[in-house]
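The values are calculated or read from the model by the stated rules, or taken from the named source; none is laboratory data. These figures come from a predicted structure and were not determined experimentally. Note that we place each Cβ from the backbone using ideal geometry, even for glycine, and neighbour counts take in every protein chain shown.
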Amino acid sequence: MSGFDDSDFIRLLEIVDRTEKERKSETAGNFPKSTFKDGYGDYAGDYDRVVSGLIFAGTEPDLIYGNVYIQDGIIQEIEELRESEMKSKNWIVPRFVNAHTHIGDTLLKDPPLGSEITPYAYRRDLDSLVRPPNGLKHRFLTELDADSAVCSMESAIWEMYQNGISVFADFREGGIDGAAALLEASKNAGRDIHPILFGRPTLTSPESSVSGSALTSSNSFLDEFRDLLEICDGIGVSGANDLDEYVLAKIAAKTQSKRKRLAIHAGEKDRSDIEPALSLDPDLLIHMTNAEKTDLEAVADAGIPIAVCVRSNLVTGVGLPPVLSMLDEGISVCVGTDNVMLNAPDMFEELHFLSKIYGITDAMLFKMATSNGADALGCRFTGSIEVGKKADMMVLNSKSLNLKHIKDPLAGFVRRARADDILGIV
Ligand SMILES: [Zn+2]
């Protein structure tokens with residue numbers, strides 16, 4: 001048996017209440033890092049700002065000492081200097097692109113992970129946690145009031161900013177209201193961090209008595225979908241097995257006709273939803289944890305990027321995605337932290353896990369967490385330090401206790417760096 005009883009649920013609602021009280025006493029959302037500088041860099045010369053140090057330039061990247069000159073938020077010039085000429089040897093690194101999040105469940109950070117099978121162990125159960133409509137997350141979100149939803153997402157956005165993330169792609173539950181709440185949270189956060197919003201229509205499940213054609217031709221569906229496509233960057237589908245096949249095809253066609261992005265979870269628990277997901281011709285696949293070689297060949301043929309969420313897969317016990325096979329097939333792999341209820345939205349941690357589990361090269365991991373994500377989300381203005389791109393950079397303290405003595409900064413960044421090594425965000 002798995003699942004959560006009412007006492008768990010009541011406990012979670014009590015946590016929401018406590019958090020709301022904290023917010024009112026202004027303890028939530030503060031920026032506790034005293035050494036952290038927002039808008040880092042010196043003001044000099046003909047440009048707005050110059051940042052000096054060891055630059056992780058380009059996508060591969062090339063590590064060069066020098067200055068990055070910025071005007072109106074755009075990188076104007078990268079000046080290479082000799083190491084001996086440098087006063088600062090801090091690392092200048094592109095900020096991360098977090099290719100998959102659900103920040104709507106930020107108030108559910110300590111969920112029960114499953115039913116106890118012994119006094120000291122749980123049986124993990126993905127469906128009980130997150131599957132719509134009755135998974136714990138969805139029951140929780142239904143009960144969550146609008147103010148708490150906005151406030152908690154605002155704190156998650158602050159946290160991601162502080163963790164060196166410049167863009168995050170969120171699967172936002174709750175239809176128009178859910179999407180609008182995220183936009184409000186983003187505005188309230190007031191930080192230079194860009195959401196890519198994948199909205200989700202509030203639709204019936206495959207078991208619904210309403211036929212797919214009746215639903216998709218109803219005014220309520222059409223109105224909601226039109227408004228969603230208006231305010232969102234795309235549509236994020238929970239999975240091909242969660243919706244009626246006809247409804248899914250309609251969603252895909254309407255999304256694509258408006259030139260918006262379609263992203264979908266696939267192959268997370270098993271591979272039964274991979275083929276139907278691919279038939280929708282999505283722009284981005286999430287997870288593909290249980291994909292087999294033939295699935296990956298089809299993905300590679302279709303040129304679809306995959307966002308992997310390894311820590312999430314470990315928490316929910318669904319297995320580990322075949323990341324090396326994805327790379328073997330030439331698939332562009334990017335990285336997401338998935339639900340805040342399962343893991344902190346921390347891309348450093350995600351890199352540590354990927355490196356330790358798979359032995360992927362440092363250069364490839366760097367790319368997966370930065371430019372591959374930017375490409376997958378159509379954010380070509382960011383993801384690498386190059387002339388003409390937005391100056392989405394973080395400056396890491398190469399003399400921190402954690403980073404000092406490192407001889408290979410790329411390896412150090414990928415395998416060891418942490419958010420508390422960040423001196424400032426540019
Ligand atoms: Zn997800």
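Which number in (1) touching a helix residue (DSSP H, G or I) at 6+ places or on another chain (Cβ under 8 Å); (2) in a helix (DSSP H, G or I) marks the one condition that T382 misses?
(2)
Residue by residue through region 170-184, note down the ones that are over 19 Å from P132 (Cβ atoms) and within 16 Å of the chain's Cα centre (by Cα).
Within region 170-184, L183 is the sole residue that qualifies.
Here are D421, D346: which of them is in contact with a Leu (Cβ under 6 Å, 6 or more places away or on another chain) and under 27 Å from K109 (Cβ atoms)?
The unique qualifying residue is D421.
Inside region 95-106, can you point out the residues that are of a type outside the set (A, V, I, L, M, F, W, C) and assigned to a strand (DSSP E or B)?
Result: N98, H100, T101, H102.
Looking at region 114-141, which of its residues are surrounded by fewer than 18 Cβ atoms within 10 Å (Cβ to Cβ) and either more than 21 Å from N241 (Cβ to Cβ) or of a type in the set (A, V, I, L, M, F, W, C) (or both)?
S115, E116, I117, T118, P119, Y120, A121, Y122, R123
Do you know which residues across region 76-94 are closer than 14 Å to G41 by Cβ and in a loop (DSSP other than H, G, I, E, B)?
K87, S88, N90
Suppose we filter A277, A249, A291, A240 for residues that are within 16 Å of the ligand (Cβ to nearest atom), over 20 Å from A374 (Cα atoms) and in a helix (DSSP H, G or I); which single one remains?
Unique residue meeting the criteria: A277.
Go through D42, D17 for me and flag whichever is modelled with pLDDT of 65 or more and surrounded by fewer than 17 Cβ atoms within 10 Å (Cβ to Cβ).
Sole residue among the options that is modelled with pLDDT of 65 or more and surrounded by fewer than 17 Cβ atoms within 10 Å (Cβ to Cβ): D42.
Name the single residue that is surrounded by the fewest Cβ atoms within 10 Å (Cβ to Cβ) among those in region 360-379 being assigned to a loop (DSSP other than H, G, I, E, B) and more than 18 Å from the chain's Cα centre (by Cα).
T361
Among the residues of region 308-329, is any more than 12 Å from the ligand (Cβ to nearest atom), at pLDDT 95 or above and either under 20 Å from L243 (Cα atoms) or out of contact with any helix residue (DSSP H, G or I) (no Cβ under 9 Å at 6 or more places or on another chain) (or both)?
no
Of the residues that sit in region 220-233 and are within 16 Å of L203 (Cβ to Cβ) and under 24 Å from the mean Cα position of the chain (by Cα), which one is nearest to the ligand (Cβ to nearest atom)? Talk me through it step by step, then tell me what you get.
We begin by selecting, within region 220-233, every residue within 16 Å of L203 (Cβ to Cβ); these are 220-229, 232.
Still in the list and also under 24 Å from the mean Cα position of the chain (by Cα): 225, 227-229, 232.
On the way: F225: 21, D227: 23, L228: 18, L229: 20, C232: 16 Å.
In this case the residue turns out to be C232.
Can you say whether P119 is more than 16 Å from the ligand (Cβ to nearest atom) and not assigned by TED's automatic domain parsing to the domain that holds D420, as far as the supplied structure shows?
Taking the combined requirement at face value, the residue satisfies it.
In this structure, is S325 within 17 Å of the chain's Cα centre (by Cα) and among the polar types (S, T, N, Q)?
No.
Among the residues of region 252-274, count how many are basic (K, R), touching an Asp or Glu at 6+ places or on another chain (Cβ under 7 Å) and either within 23 Å of K293 (Cα to Cα) or within 14 Å of the ligand (Cβ to nearest atom) (or both).
1
Within region 274-310, can you find the residues that are of a type in the set (D, E, K, R) and surrounded by fewer than 22 Cβ atoms within 10 Å (Cβ to Cβ)?
E275, D281, D283, E292, K293, E297, D301
Among the residues of region 217-236, is there at least one that is at pLDDT 95 or above and within 13 Å of H102 (Cα to Cα)?
Checking region 217-236: at least one residue is at pLDDT 95 or above and within 13 Å of H102 (Cα to Cα).
So which residues in region 395-411 are outside any loop (DSSP other than H, G, I, E, B), touching a helix residue (DSSP H, G or I) at 6+ places or on another chain (Cβ under 9 Å) and touching a residue at least 60 places away in the same chain (Cβ under 8 Å)?
So in region 395-411, the residues outside any loop (DSSP other than H, G, I, E, B) come out as 395-396, 409-411.
If we keep only those that are touching a helix residue (DSSP H, G or I) at 6+ places or on another chain (Cβ under 9 Å) too, we end up with 396, 410-411.
L396, L410, listed by residue number.
Counting only residues that are buried (at least 19 other Cβ atoms within 10 Å of the Cβ) and either outside any loop (DSSP other than H, G, I, E, B) or in contact with a strand residue (DSSP E or B) (Cβ under 8 Å, 6 or more places away or on another chain) (or both), how many does region 319-331 have?
Residues in region 319-331 being buried (at least 19 other Cβ atoms within 10 Å of the Cβ) and either outside any loop (DSSP other than H, G, I, E, B) or in contact with a strand residue (DSSP E or B) (Cβ under 8 Å, 6 or more places away or on another chain) (or both): 4 in total.
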